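None of the figures in this text is laboratory data; all of them are computed from the coordinates on show. Everything quoted here is computed from the prediction, not taken from an experiment. Here the Cβ is made from the backbone with ideal geometry for all residues, glycine too, and neighbour counts use every protein chain on show.
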Ligand SMILES: [Zn+2]
Ligand SMILES: [Zn+2]
């Protein structure tokens, strides 16, 4: 199908499956691997678009379900889409809306037609079809839009997983057919198939035939064991076309990002950095600081040495301790810092791939974050070993 | 003593608007030695008067991060001591760094300005948040307690974020020495009651405030201000000791009745000794102090609703050498209506020197500002634009001729609009045509978008509203100053009132749409509580072996919507829970989990 993006791999890691690329979208270039902050309602937690841009963010995520409810499709059409609506001139990605319905709403029922759910406004039954999702996402105007997929929990087993996989493929066909702006918006397919390698393989084969501009690995992060999670991711990146961007949905913890990049993933999104900011938790290379704790009362250091975000350039932990979760400014500052942290992490990952020292970066990253090797998560050790990085033994190897 | 502050009156209104006083405009700045510093960050701004100090909460201007704050042109910030002083300060100042720990300010002394990232603004430090003098003033998260236990001769009572605390004169002085704000208001016994205080209470408060002021002035000049107190204390102590001695001597005498004769002699001797002691001069070693003459000192003048007291307070305070400016107390007038309050303000002003700046709290709506300016008030604060933003309101008022292009956005010549109103939902126009604030400029953020942000409970709404309202307030003051200079203050003030009428009384009621949105949020959080429990156990960093999300919205979107905590007791409880947990990133999942649970429980309770 038509594509409105350009995918240029500029460097490949000599050891792992990681790669550095430039993804050129209708609203400008995106350096990959990339982390995309989530602005659910068309805004990122009190941070202005200028501030987000100032952090070097090139692509942000909006949620179709939320924007469909408010401001609604009609208003989005009137004003010319979500970019204009929120004053954001860089790239946007939207999900299909299906996931929210299944996870947020009671009585959501999936039929071949679509996802049927109870309106949160008046309780009446509503139906989200692939066609409707496409229509909404066309109105939003996101640079990347996601197909409506049949979401099942990653803990589900049995025939339901296979049914969801086949239905997702059928819905992809309906999405492709209903997509009205393939020349300016890129539709990504979502690989389903649960934790079953055979189903994943089948799904990839079918979806690759549809030749969408990019692919996402879906149906994960639902409570499955991390050791199973990474194996699915790795299997998918092995089978997916290497000339297209690969997006792993809903991943955003620092070590997950580093591991998944090593496994060959290019794009990530996560609400965690800004959500946790709200509770006064600041992310750093050496771990999370819960700034609400009294031990920071007399800690006159910035959140993170060397961070050039407005919070670290302006305030001490001692002062932030007095305002986090009390004043909205405290929340904004930590949100800014956490977003800066995520984006910086991805920049560092990317630079190290370009300079072909990603394995060394991984070693240092885990040492900074977990200190003791005994504390390294076993799944991460296993995952990295599968791409030739031995966290336990191989620290001194190139 | 040379003042660190420079107040220069450029022009006094040619046409006095009231008998006695008249409007004036000028500049309020720090003298050269206090603005030392080489880079841009350290150059202090000047406050043009009549002008504003920015209102702050816990040392931060509400909703505005430092970068957004710098888009405003105000020259100073008002910081309430009661909101930033920790319960264990000044004790914990032992760990206060000598020089700034912020990398970009390395080398400069670590003062309140460095601590609060206010290096380029005049830092004005008062004791309490007196904005509560304004009608129906509201703060969304932590309202300070207004009515406190009474002050005593030894301390004033403050409402800090961690509860009520007593601030002794000594603590106050130590705090000022560490914080080194550009201007500090002298410790005073302010009357905060909502009912009119009686004469005795008023007199007592004024005497106490004046005595503290004397002591503060001495300390500031490097002398021991509390020496008289300590001498009196010593005298009391010795008297007590003598009494004790006599009593024990008498008891001993009783026990040894057989040696009566001898004892009588002793008694005589003792009596002689006592009278000798009385004559003895009590010498108290003064505590040498570092002068802090680089800090400007304002003094509060009060007197509640009693004219004589107001006059006396103003006259006595004005006599003190070294006072750089005055805060006109209106908190003790809260039982009165606006006109009566203004009358009493005038009484104070009539007895203050004309060449020093005067600050007024609590009368902050544009037409009140105009009246106060006409009376000769120089400094206000920005609590008015803040309150509007809290209500979802955006300013549309203008002073003087209507600015070009504004007829479109303000055809009904409204003072402000409420962005919660449904009518703005489809208005893809700026709040105010021609406004140069971040939101309005280039139609970046429309009324429809702000309406959407309010209805989705997103914090960017107040960020944008605050920025716009602050910008409009600063524009208003610029035009007011111009009208003083060109002699049109009275005329334009009359026109303003004719156009916009009086500020409607602020109610504490929420907009109907806000009530709906908040109720829906609460319901949603309640409904999701069960689902939340299911995943909460695995939220966390690395150590977790089970993969949960992050997934774009499922857990995230609603957890984000959980209300910010608003109750001190709740926060305390959660705080304790949290402190029980381990620290540090990877090991922090317990904390995150607990915080999350608490937040969910809270939002549904
Ligand atoms: Zn930072
Ligand atoms: Zn504006």
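Some points to look at:
- Extension gain for residue B:153-residue B:249 works out to 31.1 nm (0.36 nm per residue, less the C-alpha to C-alpha distance).
- Shielding by partners - mean other protein chain Cβ count within 10 Å, residues of B:439-449: 3
- Per-residue Cβ neighbour rank within 10 angstrom, fewest leading, B:240, B:117, A:344: B:240, A:344, B:117
- Among A:66, A:337, B:511, B:364, the order by Cβ neighbours within 10 angstrom, fewest to most, reads B:511, A:66, B:364, A:337.
- Computed over region A:252-382, relative contact order equals 26 percent, with contacts defined as Cα pairs under 8 Å that lie 6+ residues apart.
- Contour excess over end-to-end distance, with Cα ends at residue B:321 and residue B:522 and 0.36 nm allotted per residue: 66.6 nm
- Here the simple spin-label model places points 7 Å from the Cα toward Cβ, and for residue A:210 and residue B:106 these points are separated by 5.5 nm.
- For chain A, the alpha carbon convex hull comes to 139 Å³ per residue, rounded to a whole number.
- Helices in chain A, meaning DSSP H runs of at least 4 residues, each add -39500 (n - 2.57). Divided by all residues, the mean residue ellipticity at 222 nm is -12000 deg cm²/dmol.
- Size-normalised alpha-carbon gyration radius of region B:473-522, reference 2.2 N^0.38 Å: 1.89
- Förster radius 41 Å - calculated FRET efficiency between residue B:307 and residue B:404, Cβ distance, rounded to 0.05: 0.30
- log10 of Debye I(q)/I(0), alpha-carbon scatterers only, for region B:328-430 at 0.19, 0.21 Å⁻¹: -0.99, -1.10
- Centre separation in Å (Cα based) which lies between region B:187-257 and region A:178-250: 79
- In percent, rounded to a whole number, the relative contact order of chain A is 18, using alpha-carbon pairs under 8 Å and six or more apart.
- Rg to Rh, two decimals, where region B:281-335 supplies the alpha carbon set and Rh follows Kirkwood: 1.17
- Förster radius 45 Å - calculated FRET efficiency between residue B:457 and residue B:233 (Cβ-Cβ, nearest 0.05): 0.20
- Convex hull projection area averaged over all views, region A:1-40, Cα basis, nm²: 4.2
- Normalised by 2.2 N^0.38 Å, where N is the number of residues, the C-alpha radius of gyration of region A:54-187 stands at 1.08.
- The mean count of C-beta atoms from other chains within 10 Å of the C-beta of residues in A:77-88, rounded to a whole number, is 3.
- Overall dimensions of region B:174-264 as given by Cα atoms, namely Rg and Dmax in Å: 23.3, 72
- The orientation-averaged projection of the convex hull spanning the C-alpha atoms of region B:453-495 amounts to 3.7 square nanometres.
- Cα principal axis extents for region A:314-398, largest first, Å: 47, 30, 19
- Inter-probe distance in nm under a simple model that places probes 7 Å from Cα toward Cβ, at residue A:113 and residue A:135: 1.3
- Applying 1/(1 + (r/R0)^6) with R0 = 22 Å to the Cβ-Cβ distance of residue B:174 and residue B:223 gives a FRET efficiency near 0.85.
- Exposure proxy for B:195, A:15: other Cβ atoms within 10 Å of each Cβ, ordered fewest to most, give B:195, A:15.
- Semi-axes of the equivalent ellipsoid for region A:1-124, Cα gyration tensor, largest first, Å: 31, 20, 14
- Overall dimensions of region A:243-367 by Cα: Rg and Dmax, Å: 15.4, 52
- Dimensions in Å of region A:244-317 - Rg and Dmax from alpha carbons: 14.9, 50
- Spherically averaged projected area of the convex hull of Cα atoms, region B:163-208: 4.5 nm².
- Per-residue mean of foreign Cβ neighbours for A:364-371 is 2 (Cβ atoms of other chains, 10 Å radius).
- Here the label points at residue A:122 and residue A:390, each 7 Å from Cα along the C-beta direction, are separated by 6.7 nm in the simple model.
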